Amino acid sequence: MASRRVAGTAAVLTGVAVFGTAVWIRAARAPRGVPTAVRAQSAVLFFAQGSAAAKQTTSAAVAASPSPARQFLDQYCVTCHSERLRTGGLGLESLDVNRAGANAEIWENAARKLRGGQMPPAGLPRPDAQRVDTFVSTLEAALDRAAAAAPNPGRPVAHRLNRTEYANAVRDLLALDIDGRSLLPADDTDQHGFDNNGDVLSISPALLERYLSAARKISRLAIGRPPSTPSIDTYTVPKLLTQDGRLSEQLPFGSRGGTAIQHTFPVDGEYLIKVRLQKTLYNAVRGLAEPHDLEIRLDRERVAQFTVGGASVVPPPASYAGTLSWNPEWETYSHQADNGLEFRIAAKAGTHMLGVTFVKKFWEPEDVLQPARTGWAFETDEMFDGAPGVETVTIEGPVAVGGPGDTESRRKILVCQPKTGDEEPCARKILAALARRAYRRPVTEDDLQTLLGFFRSGRRSGTFDAGIETALQRVLIGPDFLFRVETDPAHLPAGTPYRVSDVELASRLSFFLWSTIPDEELLDVAVRGKLKDRAVLEQQVRRMLRDSRSKALVENFSSQWLQLRDLRNVKPDPDLFPDFDENLRDGLRQETELFLDSQLRENRSIVDLLTANYTFVNERLARHYGIPDIYGDRFRRVTFADDRRGGLLGQASLLTVTSYPNRTSPVLRGKWLLENILGTPPPPPPPDVPALRDKGTNGERQSVRERLQEHRKNPTCASCHAQMDPLGFALEHFDATGKWRTTDEAHSPIDASASLPGGTSFEGLTGLRSLLLTRREQFVGTVADRLLSFALGRGIEYYDRPAVRKIVRTAAPDGFRWSSIILGIVQSVPFQMRRTES
C-alpha cells in the first residue's frame, strides 16, 4: 500500500512540471491515499510554474518522469479509467503503454476510439487532432512491432459453403445454373451483415435434409434423367413493377412489360407454358378495352403469339372494382380473359431464355395524368383503358420425353464413354476429375473407392449414367465439398502459427475473389506447390480479378458491406412516396453494383468511392434524380453536372436503406457512416429509449432535427448522438427514397449544417465528403477491415488490426487502388497463415 502511495505521489508531482495549467485539476483528482500536503504542494507548484520550487522535485520523481504517451493518458484518460473508477471496466493506471503488446486488445480498442473521436466523451477536455494522431500513431507502431514479433493469424472454424457459394460451385463444377434460393434456406449473417462467416454457418438435421434433396435434384439435372413426375416451376412478376416499357436487355426492342426467364429444361421434350395476367383484387384482368399482342420467345425466337382484350361482346359496367355482381357475360370474360394463354413447346435440354412480353403501342395518355397507384387503390383499380401486365409464367414438364440431350453439363461430366463389359476405368476417370474439382485438392485412392462404391450401387439398378448420378450425389453431399476444411500439421505444438498449404491457399483465394471453387489453372498451380511464390500469387490474383467471375466480389461483398440486400425489404410509405415502385427498387440496386464494378474493373482508388463524379442510370432512375434526356431501361454512365450527388453517399440505394418508411433518419444514416465508412461503430443504445415525439410541446409540427435536439437533452443519449447525428444531418437534402428535396417533413427549409464535438463544422454532402477526405486513411482502413473479414470468412479480432494497418500502408504509394488492397489482403498474415488448435 505504501509503495502504491509513493507512486501516486510521484505521478502527481511529475505531472506538475509537464502540464502547467492542468496541474490544479490533477492535484484535486489525485488518487486515494495521496496526502493533503501533496495536493497543496501541487497547487504551490502550479502557481510557481518553473520557479525554484518546481526544480526541487525529488530525484526519484525525476527518474520516474512519464513518457509523452503516459502523460497523454494521465491527462485525458485516467480521469475516468482509473483503478478506482474503472469506467467501462477499464483501469489504465496500472497498464504500461510502453509494453502495448502485453495488453493488445485493450490498446487496440483505445486506438480505435481515439481515431474515431469517441473519446474523451463530449464535455470533458479533449486533445487537439495533432496530439491525438501522435499518440495513436505511437501506440499503433508499438502494437505492430509486437504483432510482427509474435504473429497471431487466428484460427477460422470449418467453413460450410453458404447458399451463394454452393450455387456458384455447382455452376463451375457441373456447368449447371441452379436457383439456390429454391433449394436452400437463407444463411445467417454476422454483426457486419456477412453471410460467409464460418462462425454463423451452422448445420442442422433439417438443413442436411435440404442438402440431400438438392444433391438429388442437381445430379439428376446434370446427367439428364427426367423427373419421375413433371416438375412445375412458376415465375412471378412483382405487382408493383411498372410494365410500360422494355424491361430487360433479353427482351426485343419495341416490347412492353413481361419478363425474361432463364430456365433449365431437364431433358429434350415437350413442355407446357402457361401465362397469367395481372388481375384486380376481385379477379378481373386489367386493360381489356383494346386488343394487345402477347409474344413468347425461346432464345429470342418467337414461338407463340396471343391477343388479349378488345373481344368482349357486351360493354363493361361503369365500374367493376367492387364486390357487386354485373353482367354475367362480362364477368366471365373479365375473369377468364387469360385462360387460353397456354401452349406446348418443344425444347432441348439445358438452360434457355424464355421471354414473355407485349408488343408496345406507341401512344400518349390523354386527360389528367394520375399518380402511381399503390396499396388498396392499385388492388381495386380495374384500369380498363390501361395496359395489361404479366403476373406469372408457369413451365410444366416434360409432358413428353425425348431423351437426355446433349447438354454442357453432360459434356463436362462424361469425359469418356465406357467399354462394354469394362465400365469401371471410365467411371474412375469421370469421378476422379469431378472429385478433384469438388474437393479442391488431389484425390486419394480412398476418395475414389468411396465414390466407386456408390457408382456400383447405382449401376446395379440402372444404367452407367445412373451409376455416375448416384456417385455425383455422394460428391455433392460429401463434407469435402460442403465444407472448407483446413487440417493442422501433426508435428506442431498447440497454438503455433503456421503457413497454410498451397491447396488451402488456392481455396481461400477463389472463395474470396469468386465465391466459388478454384478453376483448373489455379488448382494446378497450387498442386505443383507454386502458389506460395509471391510473383506467381500476384499473377494469379490479377488474372482472377480480370475474370468475369470476379463480379461475385461486387455482388457478395459490397452488397453486404453496404447493406444493399436490405433494399428488397424496404417499403416506403405509399401515401408519402407514391412514385416508389419495383422498377426504382431494381434501379437503385443496379446503380450501386454497376458503380462498384466499374471501380474494381478500372482499378481506381478506394477513395474514389467517395469522390467519383459519375454514376449509372436508366430512364426510371434518371427521373428520380432529375437527370434529363435519359430514355429506356438500359443503364448508361453519366457524369453529374453539379456536386449534389457523386460517390456512394449520393446514391439513393444507401440513402433509402438508412431511412424509415415515412421519413429520413439522421441517426440511422450517421450510425451507418460510423460503422461502414469510418469503422467506429457507436455502442448499442440503452434499453427503453423513448421514440421521438412527432410534435412539440405546443402541438406544432417539428422537423427531425428539432426532435433530435430534444432527444439529446438526455445526457445518456447525448454522448453517442453527438457523433452520429451531425453526419446524418449533412444528408438531409435527400428524402427517405434518396430524392433531392429543399424542404423537410415539417415543410421547413432544409438545414444540412452540422458540427462535431471537436468543433469541426460542415454542411451538406459536399462538406461531409470534404470531412471524410481528411480521414481518408481511416476510410480505406475500414474498407480493408471489412474486405479482410469477407476474405477470411470470420470476424476481425484485435490481433488482426496490425495486418489491416499494414495493408493500408502498403497500398498508400499506389494511391489505395483496389488491386493494391486486395493483394495486401492476400499476402497478409491472417490470409496466408493459421494457428494450430489450442
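The values are calculated or read from the model by the stated rules, or taken from the named source; none is laboratory data. Being a predicted model, the structure only gives us computed values, none of them experimental. Neighbour counts run over all protein chains shown; Cβ positions are idealised from the backbone, glycine included. Just so you know, the surface numbers come from the protein's heavy atoms only, side chains and all, with ligands and any DNA or RNA stripped out. Shrake-Rupley method; radii C 1.70, N 1.55, O 1.52, S 1.80 Å.
The rows are residues; the columns are (1) open to solvent by 30 Å² or more (accessible area, probe 1.4 Å); (2) without any contact (Cβ under 8 Å) to a residue 40 or more places away in the chain; (3) acidic (Asp, Glu).
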position	(1), (2), (3)
277	no, no, no
295	no, no, yes
311	yes, yes, no
330	no, yes, no
340	yes, yes, no
349	no, no, no
370	yes, yes, no
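Taking the condition open to solvent by 10 Å² or more (accessible area, probe 1.4 Å), free of Cβ contacts under 8 Å to residues at least 60 places away in the same chain and among the β-branched types (Val, Ile, Thr), does residue 503 pass?
The answer is no for residue 503.
Name every residue in region 475-489 that is over 29 Å from the mean Cα position of the chain (by Cα) and either within 15 Å of residue 167 (Cα to Cα) or without any contact (Cβ under 8 Å) to a residue 60 or more places away in the chain (or both), in order of residue number.
475, 487
Does any residue in region 552-569 that is more than 19 Å from residue 512 (Cβ to Cβ) and open to solvent by 10 Å² or more (accessible area, probe 1.4 Å) come within less than 7 Å, Cβ to Cβ, of a residue that is modelled with pLDDT of 90 or more and assigned to a helix (DSSP H, G or I) six or more places away or on a different chain, and which pairs are these?
563/657; 566/657
Considering only residues that are open to solvent by 60 Å² or more (accessible area, probe 1.4 Å), farther than 23 Å from residue 781 by Cβ and either of a type in the set (Asp, Glu) or part of a loop (DSSP other than H, G, I, E, B) (or both), which ones fall in region 84-113?
Once the filter is applied, which keeps residues that are open to solvent by 60 Å² or more (accessible area, probe 1.4 Å), farther than 23 Å from residue 781 by Cβ and either of a type in the set (Asp, Glu) or part of a loop (DSSP other than H, G, I, E, B) (or both), region 84-113 yields 84, 85, 86, 93, 94, 96.
Using beta carbons and a limit of 9 Å, which pairs, at least six apart or on different chains, have the first residue in region 753-771 and in contact (Cβ under 8 Å) with a residue 40 or more places away in the chain and outside any strand (DSSP E or B) and the second one open to solvent by 60 Å² or more (accessible area, probe 1.4 Å) and charged (D, E, K, R)?
If the second residue must be open to solvent by 60 Å² or more (accessible area, probe 1.4 Å) and charged (D, E, K, R), the pairs left are 757/126; 758/126; 758/128; 765/643; 765/644; 766/643; 766/644; 769/643.
Determine whether residue 769 is farther than 24 Å from residue 506 by Cβ, open to solvent by 20 Å² or more (accessible area, probe 1.4 Å), in contact with a Gly (Cβ under 7 Å, 6 or more places away or on another chain) and of a type in the set (Lys, Arg).
Answer is yes for this residue.
If you check 396, 469, which single one turns out to be in contact with a Gly (Cβ under 7 Å, 6 or more places away or on another chain) and among the charged types (D, E, K, R)?
The match here is 469.
If you check residue 480 against the conditions, is it open to solvent by 30 Å² or more (accessible area, probe 1.4 Å) and acidic (Asp, Glu)?
Here the answer is yes, as residue 480 does meet what is asked.
Does region 219-274 hold any residues that are within 19 Å of residue 295 (Cβ to Cβ), in contact with a helix residue (DSSP H, G or I) (Cβ under 6 Å, 6 or more places away or on another chain) and modelled with pLDDT of 95 or more, and which are they?
none
Of the conditions (1) under 27 Å from residue 837 (Cα atoms); (2) touching a strand residue (DSSP E or B) at 6+ places or on another chain (Cβ under 6 Å), residue 405 satisfies every one except a single condition; which number is it?
For residue 405, the exception is condition (1).
Quick one: is residue 159 buried (at least 17 other Cβ atoms within 10 Å of the Cβ) and either under 26 Å from residue 587 (Cα atoms) or free of Cβ contacts under 8 Å to residues at least 60 places away in the same chain (or both)?
So residue 159 fails the test.
Tell me, please, whether a residue that is under 25 Å from residue 147 (Cα atoms), in a loop (DSSP other than H, G, I, E, B) and either free of Cβ contacts under 8 Å to residues at least 60 places away in the same chain or touching a strand residue (DSSP E or B) at 6+ places or on another chain (Cβ under 7 Å) (or both) can be found in region 782-798.
Among the residues of region 782-798, at least one is under 25 Å from residue 147 (Cα atoms), in a loop (DSSP other than H, G, I, E, B) and either free of Cβ contacts under 8 Å to residues at least 60 places away in the same chain or touching a strand residue (DSSP E or B) at 6+ places or on another chain (Cβ under 7 Å) (or both), which makes the answer yes.
Among the residues of region 162-193, what is the count of those that are part of a loop (DSSP other than H, G, I, E, B) and in contact (Cβ under 8 Å) with a residue 60 or more places away in the chain?
Looking only at that region, the number is 9.
Does residue 586 fit the bill of being part of a helix (DSSP H, G or I), in contact with a helix residue (DSSP H, G or I) (Cβ under 9 Å, 6 or more places away or on another chain) and open to solvent by 30 Å² or more (accessible area, probe 1.4 Å)?
yes
How about region 279-293: which of its residues are open to solvent by less than 10 Å² (accessible area, probe 1.4 Å) and in a strand (DSSP E or B)?
285
Does region 793-801 include one or more residues that are open to solvent by less than 10 Å² (accessible area, probe 1.4 Å) and under 20 Å from the mean Cα position of the chain (by Cα)?
Yes.
For region 555-583, name all the residues that are of a type in the set (Asp, Glu) and outside any loop (DSSP other than H, G, I, E, B).
555, 566, 582
Look at region 218-235 and say how many of its residues are open to solvent by 50 Å² or more (accessible area, probe 1.4 Å) and not charged (D, E, K, R).
Final tally of qualifying residues: 6.
For region 629-668: of the residues being among the basic types (Lys, Arg) and in a loop (DSSP other than H, G, I, E, B), which is least open to solvent (accessible area, probe 1.4 Å)?
If we take residues in region 629-668 being among the basic types (Lys, Arg) and in a loop (DSSP other than H, G, I, E, B), then 645 is least open to solvent (accessible area, probe 1.4 Å).
Can you work out which of the residues in region 114-130 that are exposed (fewer than 15 other Cβ atoms within 10 Å of the Cβ) and not in a loop (DSSP other than H, G, I, E, B) is modelled with the lowest pLDDT?
129
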